[in-house]
Structures are given as structure tokens and as C-alpha cells.
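Derivation of every value follows stated rules applied to the coordinates shown; laboratory data play no part. Source: prediction; values computed, not measured. Please note: Cβ atoms are built from the backbone with ideal geometry, for glycine as well, and neighbour counts cover all protein chains shown.
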Amino acid sequence: MPSLKDMRTRINSVRATRKITSAMKLVAGSKLRRAQEHAEAARPFAQKMAAMLANLAAAVKDQGEGHPLLAGTGKDEVHLIVVATADRGLCGAFNSSIVRATRRRIQELKEQGKSVKLICVGRKGRDMLRREFGDLIVEFMDGIAGKRRIGFADAERIAQKVLALYEAGQFDVATIVFNRFKSAMAQIVTFKQLVPVEPGEAATGEGVQAIYEFEPDEERILAELLPRNLAVQIYGALLENAASEQGARMVAMDNATRNAGEMIDRLTLRYNRQRQANITKELIEIVSGAEAV
Amino acid sequence: MAETLTLELVDPERVLASEPVEMVVLPGVEGDFGVLPHHAPLVSLLRPGVIRLYEGAKVTRRIFVAGGFAEVGEQGCIVLAEGAEPVDQLDRAAVEQALKDAEEDLADARAPSEEERARLERAVAIARARLEALTAPVV
């Protein structure tokens with residue numbers, strides 16, 4: 001049986017923890033709002049770019065093999081997975097759900113006899129994958145996921161890395177895995193293929209495809225557009241991820257705060273019972289002592 | 001007000017313009033070109049330069065872009081810009097400093113690889129265009 005003093009210490013420590021978790025929840029809440037706005041601001045560009053890409057891809061479809069980023073290498077042997085996680089923990093299942101999905105994907109690909117390479121963005125994902133798949137990690141991009149505001153330049157850095165590997169023939173298919181932000185409560189682990197690019201359906205206005213003039217020619221525009229598109233895709237994924245991380249943390253910290261509250265109630269009840277038991281015991285001792293005299 | 005077309009100017013981080021304009025002049029890689037309503041469908045690469053929005057014969061806004069793409073279609077003109085900044089928000093001293101830094105980087109680079117050199121030259125070109133955007137007279 002813990003003494004009264006022990007229980008008091010314990011209650012105080014849980015109280016302190018609750019203070020921390022509730023502060024973290026508030027911080028995550030305000031960061032979430034910012035991250036969400038940020039992700040929303042980036043969306044029009046991504047949409048417009050996808051539309052333009054679809055138009056262009058449709059225009060060059062009939063001409064030869066096309067750009068390697070669009071056509072792929074013609075093989076399906078080596079897969080590159082960009083694993084986007086957070087730099088910090090204490091955000092529920094945010095990191096572990098990405099890592100779990102990645103692990104499953106790696107296993108699947110290996111069973112099909114394919115080899116896998118990994119680029120880790122975010123410290124947590126690297127830490128969790130390093131033990132098992134350390135030899136697969138070709139690159140670790142530090143200092144991006146933890147930023148207060150992820151800039152387009154950060155996404156470009158990753159895109160350049162991916163492009164360099166692709167040009168060196170290091171992989172055939174690239175995918176990025178991240179948490180898509182559905183709401184503060186729900187984040188969905190999503191795999192998105194980066195290379196080769198899968199252009200969406202061309203936006204055909206009432207079936208009449210406008211005949212575009214290109215300046216300079218289609219191929220040069222496409223050669224500029226495709227690498228940019230890669231960066232835009234990665235940027236979008238990073239922003240979604242950032243919003244998801246804050247959402248997940250907010251929910252996790254809310255739960256923790258509530259749990260701490262319940263724990264405090266339980267401990268306080270036990271503490272008071274114990275105190276009363278002690279008082280009763282002492283009274284009995286006094287009374288029976290007096291009777292004996 | 002004369003007939004207008006819709007201009008949408010977006011960069012990866014935000015929307016800079018989404019409004020009807022009477023004419024917009026874009027810095028294409030093969031020369032500046034103006035877009036009026038009912039322009040023929042066109043896709044063009046942009047070089048570093050200034051996008052000018054017109055109302056009548058007057059320039060209402062000037063926006064610097066470091067590059068990007070423009071698509072002119074039935075719906076209007078869509079510009080996917082890189083490094084877009086309104087010209088009136090550029091800081092003269094910072095721009096000059098950036099140009100100097102870029103030129104120094106290029107001069108200091110010892111035996112740069114072909115890509116490295118291309119990247120540095122591009123940075124200088126962008127910085128120079130940005131300075132020109134500030135000094136050029138408003139047409």
C-alpha cells in the first residue's frame with residue numbers, strides 16, 4: 001500500500017503531465033489551422049498544373065515514345081518509395097501507420113521478386129525503418145518535415161534527388177507515401193505514383209479538344225513541365241502530411257489530457273479513502289486505548 | 001469597360017491574381033506577347049520577366065516571375081509561375097544584393113559541372129531580370 005505522501009506526489013505528477021498535454025493540444029490546434037490554410041493555398045496550382053499536363057500529354061501522345069518521365073523505363077524492376085513522416089513523435093499513430101503501410105508494401109514487392117529503395121523524409125520514419133531495412137535507405141532528407149512552413153524549395157530538393165536517381169537509372173517506378181488529410185480525426189495513408197507520371201484525363205470541353213499552339217514546341221515544354229510537376233506533387237504530399245501530423249497530434253493530446261483527468265479523479269478518490277481510513281484507525285486506537293484504562 | 005478575359009496567376013504557394021483583365025502581356029521564351037480576349041489557344045514557356053496587366057492602355061499591375069508556363073484557352077489565361085512577386089513589393093537593395101551574390105557564385109565556382117553551371121547562370125539571369133523589372137520604365 002503506497003503511503004499518503006507517495007500518492008500525493010503521484011497525483012501532482014499526473015497533474016503536471018495533463019498541463020503539458022493540454023498545452024500541446026492547443027499548440028497543435030493552432031498549427032493545424034495554419035497548415036490547413038497552407039495546403040489549401042497550394043491546391044489551385046497543383047490542379048492547374050495537372051490540367052495542363054493532361055492536355056499536353058494528350059497532344060504528344062501520338063508522337064514516338066515521348067519523355068522518359070512520362071513513358072517510364074519500360075521496366076518494373078526497381079521501386080523507389082519516398083517515405084514522408086514527421087520529425088517528432090507524440091502524434092498518435094501518425095508515423096507508425098505510414099511505416100506499417102510502407103513495410104507491407106516492401107514485403108509485397110519483395111515477394112514479387114522486385115527490389116526496393118527508400119528515401120526517407122522526416123526523422124521518425126527513418127528511425128523506425130532503419131533497423132529492418134537500413135540497407136534499402138538510399139537517402140535521408142533532414143530538416144524538412146519539422147519546418148514551421150514547408151517551402152516549395154524543400155519539395156524541389158527532394159524532386160531533384162529523385163530525378164538524379166532516375167536519370168542514373170537507379171529505379172523504374174517511384175511512389176510517395178504520406179498521410180492524406182481528411183479531417184483532424186482521420187488521416188489516410190496514401191501511396192501516390194510519381195514516376196512514370198500518370199496524366200489524368202485531358203479536360204475535354206464538350207468533347208472538342210482545343211488545338212493548342214506551342215511556343216516553343218511540345219516536347220520542350222513537356223521537358224520543363226514534367227520535372228516541375230514532380231516537385232508540385234511532392235510539395236502537395238508534404239503539405240498534406242504536415243496538416244495530418246498536427247491533426248493527429250491534436251487528437252492524441254486531447255485523449256491524453258482526458259486520460260490524465262480520469263486518472264487524477266481515480267487517484268484522488270483513492271487518496272481520500274486512504275486518508276479517512278487512517279483517521280478512523282487512529283480514532284479506534286484512541287477510543288480503545290481510553291477504554292482499557 | 002471593354003471586353004475582358006480571366007487571368008489566373010498562381011505560384012506553388014499562393015494565388016497571385018484571379019481577375020478579369022482587358023489585356024495581359026507575358027514574357028514568353030520567344031518574346032513578350034500580349035493576350036487579348038479570344039486569343040488562339042496557346043501554351044508557352046515563360047522566361048524571367050514581368051507580367052503586365054492592362055486596363056485600357058494603362059498598366060494596372062506588374063508581377064515579376066522567375067519562369068513558368070502560360071496556357072491560353074477558351075476559359076482565359078492561366079499562368080503557372082515560379083517565384084512570382086508583385087514588382088511594387090520588390091526591395092531594390094535586396095534585389096541588387098541578390099544579383100551580386102549570384103554573379104559571385106558563378107565567378108567563384110571552380111570547374112563546375114555542366115548542370116551546376118547552368119543552374120548558376122540561371123540564377124544570375126533571374127536576378128538580372130528582377131533588377132530590370134525594377135528599373136525599366138512603366139509602359
I'd like to check which strands (runs of 3 or more DSSP E) are fully inside the range B:1-42 and have at least 2 residues that are in contact with a helix residue (DSSP H, G or I) (Cβ under 7 Å, 6 or more places away or on another chain). B:5-11, B:14-21
So, of the residues in the range B:43-54 that are touching a helix residue (DSSP H, G or I) at 6+ places or on another chain (Cβ under 9 Å) and without any contact (Cβ under 8 Å) to a residue 60 or more places away in the chain, which turns out to be surrounded by the fewest Cβ atoms within 10 Å (Cβ to Cβ)? B:45
Within the range B:97-111, identify whether any single residue is touching a residue at least 12 places away in the same chain (Cβ under 8 Å), surrounded by 15 or more Cβ atoms within 10 Å (Cβ to Cβ), within 13 Å of chain A (Cβ to nearest Cβ) and under 17 Å from residue B:49 (Cβ atoms), and answer yes or no. no
Qualifying positions in the range B:1-15 - over 12 Å from the mean Cα position of the chain (by Cα) and within 20 Å of residue B:87 (Cβ to Cβ): B:7, B:8, B:12, B:13, B:14, B:15
So residue A:186 clears everything in (1) surrounded by fewer than 18 Cβ atoms within 10 Å (Cβ to Cβ); (2) within 14 Å of chain B (Cβ to nearest Cβ); (3) under 23 Å from residue A:251 (Cβ atoms) except one condition, right? Which one? (2)
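Given the criteria hydrophobic (A, V, I, L, M, F, W, C) and loosely packed, with under 15 Cβ neighbours inside 10 Å, does residue B:129 qualify?
Judged against the criteria, residue B:129 is not a match.
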Among the residues of the range B:44-72, the number that are within 14 Å of another protein chain (Cβ to nearest Cβ), of a type in the set (D, E, K, R) and in contact with a Ser or Thr (Cβ under 9 Å, 6 or more places away or on another chain) is 1
Please specify each residue of the range B:1-32 satisfying the condition of being facing chain A (nearest Cβ under 10 Å) and out of contact with any strand residue (DSSP E or B) (no Cβ under 6 Å at 6 or more places or on another chain). B:10, B:12, B:13, B:14, B:15, B:31
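Within the range B:78-87, can one find any residue that is part of a helix (DSSP H, G or I) and on the phi < 0 side of the Ramachandran plot?
Yes, the range B:78-87 contains at least one residue that is part of a helix (DSSP H, G or I) and on the phi < 0 side of the Ramachandran plot.
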Considering only residues that are more than 14 Å from chain A (Cβ to nearest Cβ) and in contact with a helix residue (DSSP H, G or I) (Cβ under 8 Å, 6 or more places away or on another chain), look in the range B:75-93 and name the one that is farthest from residue A:231 (Cα to Cα). B:92
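Within the range A:2-45, how many residues are in contact with a helix residue (DSSP H, G or I) (Cβ under 8 Å, 6 or more places away or on another chain) and free of Cβ contacts under 8 Å to residues at least 12 places away in the same chain?
The total comes to 1.
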Taking the range A:137-162 and keeping residues more than 14 Å from chain B (Cβ to nearest Cβ), closer than 19 Å to residue A:86 by Cβ and either surrounded by 14 or more Cβ atoms within 10 Å (Cβ to Cβ) or touching a Cys at 6+ places or on another chain (Cβ under 6 Å) (or both) leaves A:137, A:139, A:140, A:141, A:144, A:145, A:146
